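The values are calculated or read from the model by the stated rules, or taken from the named source; none is laboratory data. Since the structure is predicted, the reported quantities are computational estimates derived from the model, not experimental observations. Note: ideal-geometry Cβ built from the backbone for every residue, glycine included; neighbour counts use all protein chains shown. The protein model used for the area step is the full one, side chains on, heavy atoms only, and it has no ligands, DNA or RNA in it. Shrake-Rupley method; radii C 1.70, N 1.55, O 1.52, S 1.80 Å.
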Amino acid sequence: QDVFYQNADETVNSQGQFIGYAEILIKDILVPNLHWHVGRVTAAIRMTAISCLWALLHSQLLSAEQALNVHEPLIPLVIATLDEDSKITRLTACRVIRAVLQFCGQYFDPDKLNKIYPELLKRLDDASDEVRIAATKALISWVKSVQGTYDRTTYRSHIEFLYRTLLVHLDDPERSIQNAVLDVLREGSVIFPVLLLREIDAVKHKHRSTFYCDQLLQHIQSSEAIAKGGSASVAITCS
């Protein structure tokens, strides 16, 4: 699959015609091989299929329109690979989800988006820190996909779950994870800043250090988050 990375216009797309076959490649070859079947051989096949898919997206050999056309059968299968035993498969799945969201996430309806973020949140408990950080990057793309189209009253319970889970991991023992989670919360604060302020206030005293909560509070209070989401109804100050 490395051929996709290496100057695609000089290799697989040297005639400029590959894009016309991209959907066929995904639907007829990659999607069937992403289906779960028991056994090590099929697990290796799934790893190869998800790696090829990532290479295709990463090399921008797939247009946003094509990504939108194939996402229906693709996303559930990619989400399923987040639970694979192989670290490479889980890591690549996070990268694929991030790429798909960047391509066409803004066109997904809220119900589709709400099926994605809980699975990414689960990866924050992954045994591999590399996978955990990849999951936070995918979550940033998810947050960007919902901005402006997500009714925070209708989907308040989803936003609460997102914020509460992220705040737990903001107190992670690994600083790299804390920084990655902080980036997600900063980006996601615009969805419902007042709610996030309340959630921070509820857990800040439980954290081993208030440093990251304070950083997040400063971001919300000094940015346009509150201006976009309404004035805070609770008074919270940084200690």
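Here are some notes:
- Residue satisfying all of: in region 160-212; part of a helix (DSSP H, G or I) and hydroxyl-bearing (S, T, Y); farthest from the chain's Cα centre (by Cα) among these: Y212
- Selection count, region 213-226, where residues are open to solvent by 20 Å² or more (accessible area, probe 1.4 Å) and either of a type in the set (D, E, K, R) or in a helix (DSSP H, G or I) (or both): 7
- Flag for K115 being open to solvent by 30 Å² or more (accessible area, probe 1.4 Å) and within 14 Å of the chain's Cα centre (by Cα): yes
- Odd one out for V12 among (1) among the β-branched types (V, I, T); (2) crowded, with 17+ Cβ neighbours inside 10 Å; (3) assigned to a helix (DSSP H, G or I); (4) modelled with pLDDT under 85: (3)
- Residue within region 145-159 that is buried (at least 20 other Cβ atoms within 10 Å of the Cβ), of a type outside the set (K, R) and either at pLDDT below 90 or more than 19 Å from E119 (Cβ to Cβ) (or both) present: no
- The conditions of being in contact with a Leu (Cβ under 9 Å, 6 or more places away or on another chain) and either of a type in the set (F, W, Y) or at pLDDT 95 or above (or both) are not met by L91.
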